[in-house]
Amino acid sequence: MTILVTGATGNVGRQVVEQLVKRGADVHALVRDPAKAIFPAGVTVVKGDLLDVDSLRSAFSGVSTLFLLNAVVPEEFTQALTALNLAREAGIERIVYLSVIHSDLYVNVPHFAGKFGVERMIEQMGFKATILRPAYFMNNELTIKDLVTGYGIYPMPIGSKGLAMIDARDIGEIAAIELIRREHSAVPLPLERFNLVGPDTLTGANAAAIWSEVLGRTITYPGDDTAGFENNLRQFMPSWMAFDMRVMSERFLTEGMVPEAGDVERLTKLLGRPLRSYRDFVSEIAASA
């Protein structure tokens, strides 16, 4: 009984691998370059690429449960559909797929629409899967820490509807729990969807206020300039990705990322502890400056 983790070197994938190892699972980690992969003892590193059919066929051999994570890249949808078709060919029935919250609502956001398409394929192909739908990652704040501390502004245009931000460590642990649950079940379990959210739903003003309290000085929220956000992102990412992020931020302003009733309680029960808070995350990264 083997669990294969794709995206194993990323923020979430690495957490999934570590949590599975803690739970005694037989873990295979799919990576492009094994020489650069550093994992806990006992993890089997498998060289492969989600667009390389032959490498996936080899990686899927003997696998009973799959964690499917696709990065935001132009080929994301093709990667996912290729992996699912080859998983079915290999006889893999048990899957945990990392989608995104409101994938069916943010219909004009490229990577959201792609993930919703994958969800539909999982259903129509009859996979027994858990579809995890995380909200905004707290870990994104690592990319803006220097702007916050250096310029006294919270620059993410997240608006006033609110985002239920979640820590990637919580996402990884929840994913591992679900993978183990499906792996150990005597029969494949029915398809389920979980919204993955944090304990608080934060506006731009809320986030700035928390940074102010943690840093002991005023941090302001300058507003909802999505065009400026796109232009800033273009300095360190491709234009197509910067535009994708802009369109996503526009949906933050109109819809937010608000949990459904019972989401927080469900996740708290699943973890057996409280979800990590935004305040604690900010305190942690501020202390590491």
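Packing-based ranking of 74-87, 205-218 yields 74-87, 205-218, ordered from highest to lowest mean Cβ neighbour count within 10 Å. As a length-normalised measure over Cα pairs under 8 Å and 6 or more apart, the relative contact order of region 37-145 settles at 24 percent. Which shape class applies to region 1-157: rounded if a/c is under 1.5, otherwise prolate when a/b exceeds b/c and oblate if not, where a ≥ b ≥ c are the square roots of the Cα gyration tensor eigenvalues? Oblate, because a/c is 1.5 or more while a/b does not exceed b/c.
Taking amide hydrogens as placed 1.01 Å from N in the peptide plane, the amide H of residue 2 sits under 5 Å from those of 64, 65, each at least 5 positions away in sequence or on another chain. Only Cα pairs under 8 Å and 6+ residues apart enter the sum, and on that basis the relative contact order of the chain stands at 18 percent. Expressed as a fraction of 2.2 N^0.38 Å, the value expected for a compact globular protein of N residues, the C-alpha radius of gyration of the chain is 1.01. Across region 140-278, the relative contact order, built from alpha-carbon pairs under 8 Å that are at least six residues apart, equals 41 percent. Among beta bridges from DSSP that stay inside the chain, the antiparallel ones total about 5%. Note on the chain: GNM, Cα springs under 10 Å; of 103, 64, 185, the largest mean-square fluctuation is that of 185.
Taking every DSSP helix (H) stretch of at least 4 residues in the chain, weighting each as -39,500 (n - 2.57) and dividing the sum by the residue count yields a mean residue ellipticity at 222 nm of -13500 deg cm²/dmol. Amide H contacts of residue 193: 131, each under 5 Å away and 5 or more positions distant or on a separate chain (H built 1.01 Å from N in the peptide plane; Pro and chain starts excluded).
Pairs from the list 128/161; 36/128; 22/269 with a Cα-Cα gap above 30 Å: 128/161; 36/128. Between residue 29 and 5, 44, 45, 46, the built amide H atoms are under 5 Å apart, and every one of these is 5 or more places off in sequence or on another chain. Counted by Cβ distance under 12 Å from residue 38, the other residues give a net charge of 0, where Lys and Arg count +1 and Asp and Glu count -1.
Every number in this text was worked out from the coordinates using simple rules, so none of it is lab data. Keep in mind that what you see is a predicted model, and the values were worked out from it rather than measured. Please note: Cβ atoms are built from the backbone with ideal geometry, for glycine as well, and neighbour counts cover all protein chains shown.
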